[in-house]
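Visitor: Before I ask anything, let me first share the structure, which is written out below as structure tokens.
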Amino acid sequence: MSARAPKPRYERQVASDRQEALIEAAIDSLKRHGHEGLSVRRIAAEAGVSIGLINHHFPNKDTLIAESYRTFSRRLSDSFEAAVESAGPEPRARLRAFFKAVFSRPNLDPQVLTAWVVYWALLQTSPEIRAIHDEEGRGYGDHFTIHSLESQRPAKEGSRLSAVKELNQTVYRLEKRG
């Protein structure tokens, strides 16, 4: 009878795969525990790794949290974009698809909302998250671009599409001031 070698406690992964796994663990920890989920100890436990491994892949906790914000934000924004694109060329259908995507699951899942609240709060105090927010330009207002709703014909002054364009431009200006 041959004895099996004990399974190693941690498996070696490619650095980029490990970073992605740590980012996912940060997102999951934040969704489950809110602001308390931001501790390196909790994120390491969520990922099943040592704290030292987090420090090996990210220079500090703030960088890991900022990268988790980038991933989280992109994922939701991409789902909005996909919904709008699948709605076809009609502006009303695209607008309906956008709002349906924004105001339904997974975006309105309580855990997702918990994460958003923490990220939004960090936007006020974290230079890393603010830089990613500015770099990505993927806030709801920015994502909800005129281009995603325009039809082949120009909007008539005073029409609903014209009003949506004006609203979009206002939201965009307010976000940029932020």
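Taken together, the values in this text are just the output of simple stated rules run on the coordinates, not laboratory data. None of the values given here were measured: they were computed from a predicted structure. Backbone-built Cβ (ideal geometry, glycine too); neighbour counts: all protein chains shown.
Visitor: Near V118, within a Cβ-to-Cβ distance under 12 Å, what is the net charge of the other residues, with Lys and Arg +1 and Asp and Glu -1?
Guide: +1
Visitor: What's the local net charge at N60, with K and R +1, D and E -1, over the other residues with C-beta under 14 Å away?
Guide: Result for the neighbourhood of N60: -2.
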